[in-house]
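Undergrad: Sharing a structure below in structure tokens format, with a few things to ask.
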Amino acid sequence: MRKIHEVLRLRLEQKMSIRDVSVSCGIGFGTVINYINLAEAAGLKWPLPAEMTDSALDALLFPPKQSKAKARDVPNWSHIRSELSRKGVTLSLLWKEYDERTQYGFGYSRFVELFRAWEGAHGYTMIQHHRPGEKIYVDFSGMTITLTDAATGEQTQAQVFCAATGYSQLLYARVCRTQGLRDWLDCHCLMFEFFGGVSEVVVIDNLKSGVKKTCRYDPEMNPAYADLAQHYKVTVLPARVRRPQDKSKVENGVQQIERWALAPLRDRIFFTLEDAQEAVESELLKVNSRKLSDMPCSRREFFDSEEKKLLHPLPAERYVYAEWRKAKVGPDYHVRFESQAYSVPHRLCGQSLDVRLTNTRVEIFQESVMVASHNREPGPRYISTTPEHMPESHREYAEWTPQRLSRWASESGPCVGEFVQTMLLTYVRPEHGFRPAFGLIGLAKRYGHERLERACARALRAGATQYRNVKSILEKGLDQLDEIPGLDTVDPAPVPEAHENVRGADYFDKKVQP
């Protein structure tokens, strides 16, 4: 910083000579003269204004020179950082686009240098304060464990589920087949049992098994994962996309598991998932028992003394894995999947409902309200129908069976019972005769049981066992004709008296010639 303020004080206030001022301030004789001339040109007098600082004085006497070069077009660095978060976008691409649309822009190296400087000045991080029992962070490791088939030698890669408590940093790892939904949910159940309780919040990454649709402000949870969260009464908080600082605990925990539990096993050969899990647990026990660098105790000791007691207790039963599906109700008021059908109230025909499937139960929901529940059977073409779900007309029809029809017919009369039994036997399947039998019920309501009994008796004598036969008898009133007791057939015609046209029995005797 120039010594302008001291030069002016010594010259104007102390009335020292220019040479003495030069010696006192340790600057050149010509420099002192230049400072004094500039101050006089600027109209400055001693004492200087109180608000006149050294920087302000320097800027007044030595204003910046106007550059003849044209101003550079400065990019919108916030937009650049936002674009970099998109898949496949690089700084090289962004600079190329910037260079094409600007005439006086920066070169690539200067562009990158300025962006890094801006990013460093704006890349703030916040220290996260964790309460005991508040959060558990979960994620899958980038490292896998190789499983070898003992018979064929084929190798597959097993995944490693990792978890860390937010306060004590106690670590948990689970070897599983895939990162799919079922393994994801099973690992959570085993994790809670390992910690001996449930935290208030579980912080997860945005994988498909946990988050169905990502969003910075309102992500849509996977229905099965939301069901697990409700079972354990825990809040799920997805981290922001491409923001590892939101789950720094598990990022560090995954790194510790990879370094101290997975890397030592890199040369071991595992034939089963159980062997791999046992080896990982053994190594992880060492990590959790090791003294922390900034604490006089281990992760396990810190967790047991400070955090475990503040976790919520586990529910009485472990979460049962369930799949969630969407199903549209057909016109037969059943939802169908895997060649099976399950009924819902008939008023829901045509609507799309949520179906929760476990190994033993099928639960059907409309806007989070359960509307039907059935036992699940493993076989194909299984149909489960609850009578209360059927329309009244269908329910009345379904309640009729061949045995019930026979009992009803017998109550109306013995001939009606015999007619119904005979009629049902004429069909390949008895169910095909239900509608004609229902027709007889209608005839009983119209003509009465007594007339129906007489009509059925007349039809049986005539060998007519169809519904239309009985209906015809009743419509024509044949059941009301007087009948001669004991005569069930038509009377024979009278024999004519003998006359010349009657040949007689002798005519047919082969021995007698005409």
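The values are calculated or read from the model by the stated rules, or taken from the named source; none is laboratory data. Quick caveat, the model's predicted, so the values are computed rather than measured. Because the Cβ atoms are built from the backbone with ideal geometry, glycine has one as well, and the counts that use them run over all protein chains shown.
Undergrad: Scan (1) of a type outside the set (K, R); (2) farther than 30 Å from F438 by Cα; (3) at pLDDT below 80 for the single condition S352 breaks and write down its number.
TA: The single condition S352 does not satisfy is (3).
Undergrad: Now, a different point. Taking interchain pairs and intrachain pairs at least six residues apart, which have beta carbon atoms under 7 angstrom, with the first residue in the range 11-28 and without any contact (Cβ under 8 Å) to a residue 60 or more places away in the chain and of a type in the set (K, R) and the second assigned to a helix (DSSP H, G or I) and surrounded by fewer than 15 Cβ atoms within 10 Å (Cβ to Cβ)?
TA: R19/F29
Rundown of residues vs (1) at pLDDT below 90; (2) among the acidic types (D, E), yes/no style:
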{"residue": "E220", "(1), (2)": "yes, yes"}
{"residue": "R242", "(1), (2)": "yes, no"}
{"residue": "Q255", "(1), (2)": "yes, no"}
{"residue": "R259", "(1), (2)": "yes, no"}
{"residue": "I269", "(1), (2)": "no, no"}
{"residue": "D275", "(1), (2)": "no, yes"}
{"residue": "A279", "(1), (2)": "no, no"}
{"residue": "E283", "(1), (2)": "no, yes"}
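Undergrad: Write out, first by first residue and then by second, each pair whose Cβ atoms fall under 9 Å of each other, whose residues are 6+ apart or on separate chains, and whose first residue, in the range 408-426, is touching a residue at least 40 places away in the same chain (Cβ under 8 Å) and at positive phi while the second is surrounded by fewer than 18 Cβ atoms within 10 Å (Cβ to Cβ) and among the acidic types (D, E).
TA: G413/E450
Undergrad: With the structure loaded, tell me whether R376 is among the charged types (D, E, K, R), more than 30 Å from Y167 (Cβ to Cβ) and either in contact with a Ser or Thr (Cβ under 7 Å, 6 or more places away or on another chain) or touching a residue at least 12 places away in the same chain (Cβ under 8 Å) (or both) or whether it fails that test.
TA: Values: among the charged types (D, E, K, R): yes; more than 30 Å from Y167 (Cβ to Cβ): yes; either in contact with a Ser or Thr (Cβ under 7 Å, 6 or more places away or on another chain) or touching a residue at least 12 places away in the same chain (Cβ under 8 Å) (or both): yes.
It is true that R376 is among the charged types (D, E, K, R), more than 30 Å from Y167 (Cβ to Cβ) and either in contact with a Ser or Thr (Cβ under 7 Å, 6 or more places away or on another chain) or touching a residue at least 12 places away in the same chain (Cβ under 8 Å) (or both).
Undergrad: Counting just the residues of the range 340-352 that are assigned to a strand (DSSP E or B) and in contact with an Asp or Glu (Cβ under 9 Å, 6 or more places away or on another chain), which one comes out nearest to L181 (Cα to Cα)?
TA: Of the residues in the range 340-352, the ones assigned to a strand (DSSP E or B) are 340-343, 352.
Add one more test, that the residue is in contact with an Asp or Glu (Cβ under 9 Å, 6 or more places away or on another chain), and what stays is 340-341, 343.
Numbers: Q340: 23, A341: 25, S343: 27 Å.
Among residues in the range 340-352 that are assigned to a strand (DSSP E or B) and in contact with an Asp or Glu (Cβ under 9 Å, 6 or more places away or on another chain), the one nearest to L181 (Cα to Cα) is Q340.
Undergrad: Kindly indicate which of V320, V280 is assigned to a helix (DSSP H, G or I) and among the β-branched types (V, I, T).
TA: On the way: V320 fails: assigned to a helix (DSSP H, G or I).
Exactly one of V320, V280 is assigned to a helix (DSSP H, G or I) and among the β-branched types (V, I, T), namely V280.
Undergrad: Oh, and also: Can you name the residue in the range 397-447 that is modelled with pLDDT under 80, within 16 Å of Q466 (Cα to Cα) and β-branched (V, I, T) and, of all such residues, is surrounded by the most Cβ atoms within 10 Å (Cβ to Cβ)?
TA: Among those residues, the one meeting the criterion is I441.
Undergrad: Can you pull out every residue in the range 91-137 that is at pLDDT below 85 and under 39 Å from the mean Cα position of the chain (by Cα)?
TA: Matches in the range 91-137: E119, G120, H122, G123, Y124, T125, M126, I127, Q128, H129, H130, R131.
Undergrad: I'd like to check something: does the range 178-185 contain any residue that is outside any loop (DSSP other than H, G, I, E, B), surrounded by fewer than 22 Cβ atoms within 10 Å (Cβ to Cβ) and either of a type in the set (V, I, T) or modelled with pLDDT of 95 or more (or both)?
TA: Within the range 178-185, not a single residue is outside any loop (DSSP other than H, G, I, E, B), surrounded by fewer than 22 Cβ atoms within 10 Å (Cβ to Cβ) and either of a type in the set (V, I, T) or modelled with pLDDT of 95 or more (or both).
Undergrad: So, one more: Looking only at the range 64-71, decide whether some residue is of a type in the set (K, R), surrounded by 15 or more Cβ atoms within 10 Å (Cβ to Cβ) and without any contact (Cβ under 8 Å) to a residue 40 or more places away in the chain.
TA: Pass one, the range 64-71, residues of a type in the set (K, R): 65, 68, 70.
If we keep only those that are surrounded by 15 or more Cβ atoms within 10 Å (Cβ to Cβ) too, we end up with none.
Checked the range 64-71: no residue is of a type in the set (K, R), surrounded by 15 or more Cβ atoms within 10 Å (Cβ to Cβ) and without any contact (Cβ under 8 Å) to a residue 40 or more places away in the chain.
Undergrad: Now a separate question. How about the range 1-44: which of its residues are modelled with pLDDT of 80 or more and of a type in the set (K, R)?
TA: Matches in the range 1-44: R9, R11, K15, R19.
Undergrad: Among the numbered conditions (1) out of contact with any strand residue (DSSP E or B) (no Cβ under 8 Å at 6 or more places or on another chain); (2) closer than 26 Å to G166 by Cα; (3) surrounded by 15 or more Cβ atoms within 10 Å (Cβ to Cβ); (4) not acidic (D, E), tell me where Y321 comes up short.
TA: (2)
Undergrad: Output the residues belonging to the range 312-322 that are touching a residue at least 12 places away in the same chain (Cβ under 8 Å) and out of contact with any Ser or Thr (no Cβ under 6 Å at 6 or more places or on another chain).
TA: Looking only at the range 312-322, we keep the residues that are touching a residue at least 12 places away in the same chain (Cβ under 8 Å), and these are 312-315, 318-322.
Once the filter is applied, which keeps residues that are touching a residue at least 12 places away in the same chain (Cβ under 8 Å) and out of contact with any Ser or Thr (no Cβ under 6 Å at 6 or more places or on another chain), the range 312-322 yields H312, P313, L314, P315, R318, Y319, Y321.
Undergrad: Something else now. Being hydrophobic (A, V, I, L, M, F, W, C) and in contact (Cβ under 8 Å) with a residue 60 or more places away in the chain is the filter; apply it to the range 271-291 and report the residue that is farthest from C162 (Cα to Cα).
TA: Taking the range 271-291 and keeping what is hydrophobic (A, V, I, L, M, F, W, C), we get 271, 273, 276, 279-280, 284-285, 287.
From the residues that got through so far, the ones that are in contact (Cβ under 8 Å) with a residue 60 or more places away in the chain too are 271, 273, 276, 280, 284, 287.
Values: F271: 22, L273: 16, A276: 15, V280: 11, L284: 11, V287: 13 Å.
So the residue we want is F271.
Undergrad: Could you grab the pairs with beta carbons closer than 8 Å, sequence gap of 6+ or different chains, first residue in the range 250-270 and more than 12 Å from L284 (Cβ to Cβ), second one assigned to a helix (DSSP H, G or I)?
TA: Here the result reads E251/P244; R268/A279; F270/A276; F270/A279, each pair linking the range 250-270 to a residue that is assigned to a helix (DSSP H, G or I).
Undergrad: Considering only residues that are within 15 Å of F62 (Cβ to Cβ) and surrounded by fewer than 15 Cβ atoms within 10 Å (Cβ to Cβ), which ones fall in the range 3-30?
TA: none
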